[in-house]
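Take a look at the structure below.
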Amino acid sequence: MDIVEQIVSGNVRATARLLRDIDDEIPSARAILKELYPHTGKAYVIGFTGSPGVGKSTLVDQLATRFRKEDLTVGILAVDPTSPFTGGAILGDRIRMQRHFLDPGVFIRSLATRGHFGGLTKSTNDMVNVLDAMGKDVILVETVGVGQDEVEIANSAHTTVLVTIPGMGDEIQAIKAGIMEIGNIFVVNKADREGSRKTIRELRNLIELGAKRRNGDDWEPPIVETEAVKSRGMEDLHEAIRNHRSFLLSTHTEKWREVLEKRARIQLMEALREEAFRTILARMEKDGNSFDLMVDQIVEKQSDPYTLVQEIIAKEMG
Amino acid sequence: MGKDRKLRILVAKPGLDGHDRGARVIARAFRDSGFEVIYTGCHQTPEQIVNTAIQEDVDLIGLSILSGAHTYSFPRIMELLKESNAEDIRVIGGGIFPLEDIPKLKGIGIREIFEPGAKLKDITDWVEQNISPRKAVAFEGK
Ligand SMILES: Nc1nc2c(ncn2[C@@H]2O[C@H](COP(=O)(O)OP(=O)(O)OP(=O)(O)O)[C@@H](O)[C@H]2O)c(=O)[nH]1
Ligand SMILES: [Mg+2]
């Protein structure tokens, strides 16, 4: 069996190894992704984003349990930040997911951002495709919530869940309208804490302003109150996700199409950017035009990035 | 512009005691050396540790031990890795071990044992010198 067959048949080791190659940008991984692509499109992708510590991993853990009750298999991608100083990372989301470690129906992978902005890693979309091809029914993606930029997940997921906690009213106010527009479902977790009602009211007001614009008037983003550590509110959250899915799927077929297009667009763009860069770089090397030499030229003010890029494009792509 | 692969390490704590300060300290030291550390918390069974190591595709498992849990968990972990065809994942241990156990542990394939006196730098240096990220999956295309 080659690696493609292994992955499609659900082999954990093969899948795990390919994910590593994708993360490390090994060129041969692209050929494998290409072979896997026809096997994708079956999984339902749910993104979770929100500030650090609001309880995203705990929610993901609870939802995984909920989906397993329905006999759905679950893939989890959990992103944590890379240290900008050392390039290393401590990936700790698994701490909250221990009870799934022995379940063959759950595959969990921790990822580091590796300097990529926007809350996802550079290759999260490719990894979603691999878990999809591997046969996971539901894929849960937990992204680093940095406050402003976690918009990327909204382009990759079918349903995006924005997680907050009581007392974050000020913080929510400070968040640009843009981020409010990406949430299809809002969660106020840690509802055991004071101020939950107030936060819900504030959120409701903000949603009126922002979210409706993006979702169209026919999807009113629900606000779900949860206490993830005690599994409280999980049925409501599960139902909200189901409702959003049926909204996309059945009542408005053009909505489903929109989501598919959005995901296809982002993946095509990423693949093009990646491949174009790689191709040009390879040609430059072949022509003896060193990237490092150009860096030197910029540092020594003999040239500038814009001129050099024009020259490269004219020479290598002309 | 060939980039180096990142070393991925699972830091795990088998056994029943709920105290994981040592594991956290070593996890931070590994991060500060530029490695990606998967940290899973306390009370891990050998089965959980090996499943995690495989799903996360780590190069190394670092086991932190306090109270003699190694006599069961270390051999079991080595056994499970073998059963899963994952013997290329290396294992090291840190903590308090009876002196006579150390050769036994090395005998079953534990690469290195670090005792409480070991400096963090000795451990990270050892990893840098002895563990390298595994090779990419071979694929010829169709
Ligand atoms: N009181 C209370 N604590 C909670 C609740 N849900 C999660 N927590 C706790 O909040 C802390 C952070 O939870 P995580 O699930 O790790 O949060 P996260 O958003 O994934 O955190 P990062 O990945 O670090 O951004 C943990 O100590 C949880 O036990 C809740 O509903 N109520
Ligand atoms: Mg988390």
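Values quoted throughout were computed directly from the atomic coordinates according to the rules given, and no laboratory measurement underlies them. This one's a predicted model, so the numbers in the text were calculated from it and none came from an experiment. A quick note on method: Cβ atoms are made from the backbone with ideal geometry, for glycine too, and the neighbour counts reach across all protein chains shown.
Some notes on this structure:
- Relative contact order (percent, whole number), chain A, Cα cutoff 8 Å, 6+ residue spacing: 17
- Computed FRET value (nearest 0.05) for residue B:129 with residue A:218, which takes r as the C-beta separation and R₀ as 41 Å: 0.10
- Separation in nanometres of the label points that stand 7 Å from Cα toward Cβ, at residue A:256 and residue A:270: 2.4
- Under 19 Å from the Cα of residue B:119 - aspartates and glutamates, other chains or at least 8 residues apart: B:20, B:32, B:128
- Rg and Dmax [Cα atoms of chain B; Å; Rg one decimal, Dmax integer]: 15.0, 55
- Shape category assigned to the stretch A:28-77 from the gyration tensor of Cα positions, a/c cut at 1.5: oblate
- The distance linking the stretch B:45-61 with the stretch B:74-121 is 14 Å (Cα centroid to Cα centroid, whole angstrom).
- Applying a threshold of 29 Å to the alpha-carbon distances of A:301/B:6; A:34/B:135; A:136/A:230 flags A:301/B:6 as lying beyond it.
- Per residue, the convex hull spanned by the Cα atoms of the stretch A:270-317 measures out at 75 cubic angstrom.
- Here the relative contact order of chain B, from alpha carbon pairs under 8 Å that lie six or more residues apart, stands at 25 percent.
- Rg(Cα) / (2.2 N^0.38 Å) computed for the stretch A:191-305, rounded to two decimals: 1.83
- Spin-label zone in the stretch B:36-66 - amide nitrogen under 20 Å from a point set 7 Å from the Cα of residue B:19 along the C-beta vector: B:40-45, B:63-66
- Modelled spin labels at residue A:279 and residue A:9, positioned 7 Å past Cα toward Cβ, are 3.6 nm from each other.
- Gyration tensor (alpha-carbon) shape descriptor, the stretch A:1-126, a/c threshold 1.5: oblate
- Estimated D of chain A in µm² per second, where Rh is the Kirkwood radius over Cα pairs and Stokes-Einstein applies at 20 °C, 1.002 mPa s: 102
- Label zone (residue B:104, point 7 Å along Cα-to-C-beta; backbone nitrogen cut-off 16 Å) within the stretch B:45-75: B:66-75.
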